[in-house]
Amino acid sequence: MKVYETNQIRNIAILGHLGSGKTSIAEALLFSSGAIASRGSVEQKNTVSDYMDEEKTKQGSLSTSLIPVEYNGIKLNFLDVPGTDELDNEIKQALSVVKGAVLVIDASKGVEVGTERLWNEIRKMHIPAVIFINKMDKENVKFEEILENIREKLGKKAVPFCWPIGKNENFEGFVNVIEMKARIYNGTESYDAPIWEEKKPKIDQLREMIMESVAETSEDLLEKFFGGEELTEEEINTGLKNGIYNGELTPLIVGSATKNIGIRTMLGMLAKYLPQPDDLRALEGINPKTDENVVRHTKDAEPFSGYVFKTTIDPFVGAINFIKVNSGTLKTGQEIMVHDLHKLEKIGAMFVMMGKTQLPVELAHAGDIVCVSKLDNTHTGYTVSDPKQPIVYP
């Protein structure tokens, strides 16, 4: 796999109540980006994400899977996170290494118990999020009722960036309210369509609501907006980013993973509006030699440090550690300190996992997620860093 710079990386958790369609979305993301030639399905037990025998039997995720997606020069590291309460530690470990989230809601069920629990966890950790309403092609789906349900239970900050076209089995696309374009999908391709006259008042109302939210991110924009001036495209994009970053705005988009509707639009929005690894807050830890607080920024120029957020056992290579590079760079042959073991290790084979497939890499920039094998006795929750400039993360 190609090596990506920090500003080309997005780390994003895919979360949702059990059965909301997270794994199907991961499959659609891979298919839409060209990483796989055809989509698997949970029912056929051939998805990239749910590859363990027990997951295939239960038809549900039991472990966090890494799904790297390359799209328009951006690498999006998706973590497909289990939706069950029993795997709470998996969820918390995944959220500790991302700066963005997609919260998936089943359109036929609305906000469920797990949805609220995950939403509260995202808010508590100040992670910017996008809500994806999946399964819009199911029977008895009433979008305006779902929207009211979401805004009532998750808050008024959730704003529809898309409005559906067609409903139930006739759901075929949506109006992108930001771009003011209708998009119709035929399963493999999409094309622009005019916005129906009867829909224009609703779309104009939604756009006005979004523009007001954008204006509220800056006093200058607010003055311009209420002065009747049009905001420029750059001002809109900057305002949307700021609103999403600080939690004042949560985009809500619609689609169907099994029909591949809305997936490319979601990819574009995630790449454009969710933070890159060096955005938002810096990371804090302790220097184990002095017990002093240490701050690390997610930049290549900083000393290397990383956090092991997941460990799996492969029958052929043994333990595989998933490492988020918090600062500096990591490359094959590099010597690192495993602080929990007080032990020096040398990085051997380094790779990116796509489900269970290993894609070799030789270098990882600050903010990226990579996998390393043969780090003896290194486990989830351990910190690794430059031996000369140590840090331990809580």
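Coordinate-derived values only; no laboratory data. It should be emphasised that the depicted structure is a prediction, and the values quoted were computed from it without experimental measurement. Ideal geometry is used to build each Cβ from the backbone, glycine not excepted, and the neighbour counts take in all protein chains shown.
Let me have the 222 nm mean residue ellipticity of the chain computed from DSSP H runs of 4+ only, each contributing -39500 (n - 2.57), with the sum over all residues rounded to the nearest 500.
My calculation for the chain gives -7500 deg cm²/dmol from helical runs alone.
What FRET efficiency comes out for Glu208 versus Lys299 if R0 is 41 angstrom and r is the Cβ-Cβ distance? Round to the nearest 0.05.
For R0 = 41 Å, the calculated efficiency reads 0.55.
Hey, what do the phi angles of segment 5-10 turn into as Karplus ³J(HN,Hα) couplings, whole Hz, using 6.51/-1.76/1.60 and θ = phi - 60°, x for Gly and Pro?
So the Karplus estimates, Gly and Pro as x, are 6, 4, 6, 9, 10, 10 Hz.
How many nm separate the modelled label positions at Asn186 and Ser96, each set 7 Å beyond the Cα in the direction of the Cβ?
Between Asn186 and Ser96, the label points sit 4.9 nm apart.
Just flag the chymotrypsin sites (Phe, Trp or Tyr not before Pro) in segment 278-318 sitting in loop per DSSP whose Cβ has no more than 15 other Cβ atoms within 10 Å.
Phe316
R0 = 35 Å: FRET efficiency of Asn89 with Lys343, Cβ-based, nearest 0.05?
Plugging the Cβ-Cβ distance into 1/(1 + (r/R0)^6) gives 0.90.
Using the Kirkwood formula on the Cα atoms of segment 155-288, what hydrodynamic radius do you get, in angstrom to one decimal?
On the way: mean 1/r = 0.0609 Å⁻¹.
The Cα-based Kirkwood calculation yields 16.4 Å.
Could you give the length gained on full extension between Glu248 and Leu280, defined as 0.36 nm per residue of separation minus the Cα-Cα distance, in nm?
10.1 nm
What is the helix-to-structure angle for 200-215, meaning the angle in degrees between its Cα long axis and the longest Cα principal axis of the chain, kept from 0 to 90 and rounded to the nearest 10?
The two axes meet at around 40 degrees.
Glu5 label point, 7 Å along Cα→Cβ, cut-off 19 Å on backbone N: hits in segment 351-369?
Only 362-369 fall inside the zone, counting backbone N under 19 Å.
Using alpha carbons only, how many degrees (0 to 90, rounded to 10) separate the axis of helix 233-245 from the longest principal axis of the chain?
On a 0 to 90 degree scale, this one is about 60.
Taking 0.36 nm per intervening residue step and subtracting the Cα-Cα distance, what contour gain separates Leu231 from Glu198 on full extension?
Taking 0.36 nm per residue and subtracting the Cα distance, the gain is 9.3 nm.
Might you report the magnitude of the Cβ-based charge dipole of segment 6-273 about its Cα centre, with Lys and Arg at +1 and Asp and Glu at -1, to the nearest 20 debye?
Computed about the Cα centre, the dipole is about 480 debye.
From the residues Leu363, Tyr71, Gly173, which one has its Cα farthest along the dipole of the chain in the positive direction, the dipole being from +1 and -1 charges on Cβ of Lys/Arg and Asp/Glu about the Cα centre?
In the chain, that residue is Leu363.
Residues of segment 338-361 with amide nitrogen under 18 Å from the 7 Å Cα-to-Cβ point of Lys374?
338, 344-353, 358-361
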